[in-house]
Amino acid sequence: MGTARKTVFFVVVCLLLLLLLAGAALAATPNRVLIVVMDQMQPGYAEEFKMTNVLWLQDNGINYDKAYVGDMASETVVSHNVMVSGMFPKHMGWSDEAIRDVNNVLGFGDIVTTGDLGTVAYEKLIRAAGDYPKLGDYLHAAFPGTIVANVGQKGYQVESMAALSSDIYVRMDSARSISLLPTGITVPWTGKFRGPRGAVAGQPVAPGYTLPDYIKNDSRLYISAGNPVPTTPPTPDGPDVSDTYGTTITQPAWIYPEDGRYAPGPYAGHESGDAWVANAALDIMANENWSGLWVTFSAIDKIGHMWGGGAADTMATYNWDPNDFLQYSIHMPWIAKNADNQLGKLIAEVKAEDTARGTNTLIVVTADHGSTYGKDAGFKGINALNAGNNFNWYAGKWYAGSTTPSTSDGSPALKPLMDTGNVAFSYQSTAIETWLVDQSWGMKLAKADVMRTLPGVIATYVRDGDNYVLTSQSATMTSAERAWWTERGQELVDTMAFSGAADVVGLLADKTSYGAFGDHGGAQMDVQRIPMAFYAPGIKHLVRGTKFRLVDIMPTVLRTMGIAPTRPMDGEAYNLNIK
């Protein structure tokens with residue numbers, strides 16, 4: 001071969017190598033992202049309940065084993081939007097289960113409970129907070145023609161996450177008569193059903209969103225709601241044999257009982273709970289050219305609220321029969337494993353689609369918060385049927401998304417605070433957050449003095465603009481409580497401080513709750529610690545001790561997908577080391 005030909009050959013080979021390397025680099029850059037949220041999952045559940053799919057992701061991807069929520073309030077309606085905005089709650093329009101509608105954005109001009117809002121209201125709050133871009137906006141711009149979708153059981157969980165950035169959202173509707181079933185859908189029960197929101201006449205989704213026919217016409221997504229269970233498999237003991245599974249007559253579950261949305265249910269082909277969510281997500285995967293899919297499994301959260309979570313929810317504590325499926329399926333050992341099985345279905349579909357379509361999917365698995373429970377005398381709420389829904393969390397006057405205000409005296413444990421006559425509203429879970437009528441500095445300090453006397457309070461703060469000022473700390477903190485609070489307490493409360501946030505905040509001791517027996521919302525380590533794993537083909541497995549937060553998810557996903565942010569975020573972008 002002559003010199004000239006050798007030179008040409010060498011140049012051609014080099015160009016081919018460069019093209020191959022460029023192609024490999026392109027192939028290694030994810031062009032889709034699946035975010036799976038295990039609502040209320042504690043990090044230890046993966047090992048404790050043999051969640052093999054979570055463990056596989058942790059063992060093959062990047063596992064941040066010191067991850068924590070990183071903000072307050074550590075509530076579902078807050079955390080879900082933090083994940084896809086990269087913003088602290090104080091900057092995103094709502095920072096708690098309740099806010100004062102200070103600028104009359106929603107038309108209330110008073111306290112409104114954010115968990116009772118819908119997509120349109122969340123959109124208003126986002127626009128009022130600066131119309132910041134969300135992860136879905138970046139994906140639409142980077143991958144034109146693709147869709148972003150969102151699936152989960154709860155309305156506020158799905159719709160807050162979807163607002164202004166998802167094309168499709170699927171959530172469960174309220175219980176309705178089977179006479180309203182869509183044409184062609186039949187079910188093996190009489191009475192009531194739940195289906196996907198918008199699938200029934202008179203129940204449209206928000207303007208600009210669609211509920212596809214393949215969701216409306218999927219008979220699997222129509223489930224029993226409050227109906228008697230069939231005689232086989234066995235029913236729970238006692239007179240309650242509906243698909244509340246005995247939780248309305250059993251303590252402490254009856255404080256916040258099952259309502260047919262979270263346990264799997266007794267009807268084959270019409271599974272409720274996390275299987276419902278997985279089925280809807282799989283429908284979307286099979287029918288859409290998607291670039292972003294946010295999926296939330298909520299059964300761990302419901303079961304944790306009812307029984308206290310993994311540490312408390314054992315056969316020794318509650319004496320359920322492991323051979324009675326309907327009893328066993330409303331406790332954590334089964335429900336956590338079932339959530340993991342549904343995750344496995346999504347992973348399998350992602351792998352199949354990546355092979356068939358040539359896509360490359362980044363998978364993120366995390367939780368929106370952890371949990372604690374009222375150990376020994378640590379539960380300070382009312383122990384009665386539906387007390388979580390009706391009494392414990394809310395006290396004072398508030399608007400639940402309608403023009404008629406709701407009122408409650410709350411737990412008797414709050415009486416010294418409520419008796420001051422200066423409480424407009426108080427929300428209590430694993431922290432106490434209170435909004436005052438007279439918001440002067442002196443009155444804030446006076447109410448903080450009262451709050452520090454309430455059961456379980458270890459530190460009190462008053463809001464000064466966009467920050468909180470520490471006004472007291474308890475000498476009774478354990479060494480573990482004090483170490484965590486010293487490191488994280490001020491940081492966490494400050495993330496929720498804005499003009500609509502609580503005027504006075506009380507952080508609570510470990511194993512203390514006011515709302516449900518198992519709860520979250522505050523700053524305790526058990527409530528803040530969460531799992532956090534990332535996986536994509538070509539990722540280099542690492543276990544990192546970095547204290548990764550929910551607010552870091554969006555900037556990290558953008559960096560991994562090669563998308564440059566157009567606006568500053570509160571979160572930090574981490575390098576996931578994809579080969």
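Residue by residue through the range 66-74, which ³J(HN,Hα) values in whole Hz follow from phi under the Karplus form 6.51 cos²θ - 1.76 cosθ + 1.60 (θ = phi - 60°), with glycine and proline marked x?
These are the phi-based 3J(HN,Hα) values: 10, 5, 8, 4, x, 7, 10, 6, 7 Hz.
Starting from the Kirkwood Rh over alpha-carbon pairs, what translational D in µm² s⁻¹ does the range 33-119 have by Stokes-Einstein at 20 °C and 1.002 mPa s?
141 µm²/s
Grab the eigenvalues of the alpha-carbon gyration tensor for the range 415-522, scale each by 5, take roots, and send me the semi-axes largest first in whole angstrom.
20, 16, 13
Can you give the angle from 0 to 90° between the axis of helix 332-357 and the longest principal axis of the chain, with both taken from C-alpha atoms, to the nearest 10?
Taking Cα atoms only, the helix is inclined about 20 degrees.
Could you tell me the relative contact order of the chain? Use alpha-carbon pairs under 8 Å, at least six residues apart, and round to a whole percent.
Here the relative contact order equals 25 percent.
Considering the alpha-carbon set of the range 354-478 alone, what are its Rg and its Dmax in angstrom?
19.4, 66
Given the options Leu417, Leu470, Val505, identify the residue whose Cα lies farthest towards the positive end of the charge dipole of the range 387-522 (+1 on Cβ of Lys, Arg; -1 on Cβ of Asp, Glu).
Of the candidates, Leu417 comes out farthest on the positive side.
Can you tell me the orientation of helix 441-451 relative to the chain, as the angle in degrees between its alpha-carbon axis and the longest Cα principal axis, to the nearest 10?
Roughly 80 degrees between the two axes.
From the phi angles alone, apply the Karplus equation (6.51, -1.76, 1.60; θ = phi - 60°) to the range 376-386 and give each ³J(HN,Hα) in whole Hz, x where the residue is Gly or Pro.
Coupling constants for the range 376-386: 6, 9, x, 8, 10, x, 7, 9, 8, 4, 6 Hz.
What area, in nm² and to one decimal, does the C-alpha convex hull of the range 168-225 cast on average over all directions?
3.7 nm²
Note the angle between two axes, namely the Cα long axis of helix 76-85 and the longest principal axis of the Cα atoms of the chain, as a number of degrees from 0 to 90, rounded to the nearest 10.
Helix 76-85 and the main axis of the chain meet at about 30 degrees.
Which of Phe391, His520, Tyr209 sits closest to the plus end of the dipole of the chain, meaning its Cα is farthest towards the positive end, when Lys and Arg get +1 and Asp and Glu get -1 on the C-beta?
Tyr209
Would you please state the base-10 log of I(q)/I(0) at q = 0.10, 0.15, 0.17, 0.18 1/Å for the range 174-327, with intensities from the Debye formula using one equal scatterer on every alpha carbon?
The calculated log intensity ratios at q = 0.10, 0.15, 0.17, 0.18 Å⁻¹ are -0.40, -0.85, -1.04, -1.13.
Say the dipole of the chain comes from +1 at the beta carbon of Lys and Arg and -1 at that of Asp and Glu; which of Tyr245, Leu221, Val112 then lies farthest toward its positive end?
Of Tyr245, Leu221, Val112, it is Leu221.
Give me the three principal axis extents of the chain from the C-alpha atoms, as integers in angstrom, largest value leading.
Principal axes ranked by extent give 98, 59, 47 Å for the Cα atoms.
Could you size up the charge dipole of the range 417-570 around its Cα centre, putting +1 on the beta carbon of Lys and Arg and -1 on that of Asp and Glu, and report it in debye to the nearest 20?
Values: 14 positive and 16 negative charges, 138 e Å.
It comes to approximately 660 debye.
Determine, for Ser329, Ser513, Ser272, the number of other Cβ atoms within 10 Å of each Cβ, and report the residues in order from fewest to most.
So the residues, fewest neighbours to most, are Ser329, Ser272, Ser513.
Under 17 Å Cα to Cα from Lys447, which lysines show up? Leave out anything in the same chain fewer than 8 places away.
Result set, ordered by chain and number: Lys415.
The numbers here are math on the coordinates, done by the rules we state, and not lab data. Note that the coordinates shown come from a computational prediction; the quantities given were computed from them, not determined experimentally. For neighbour counting, all protein chains shown are included, and Cβ atoms are generated from backbone atoms with ideal geometry for every residue, glycine included.
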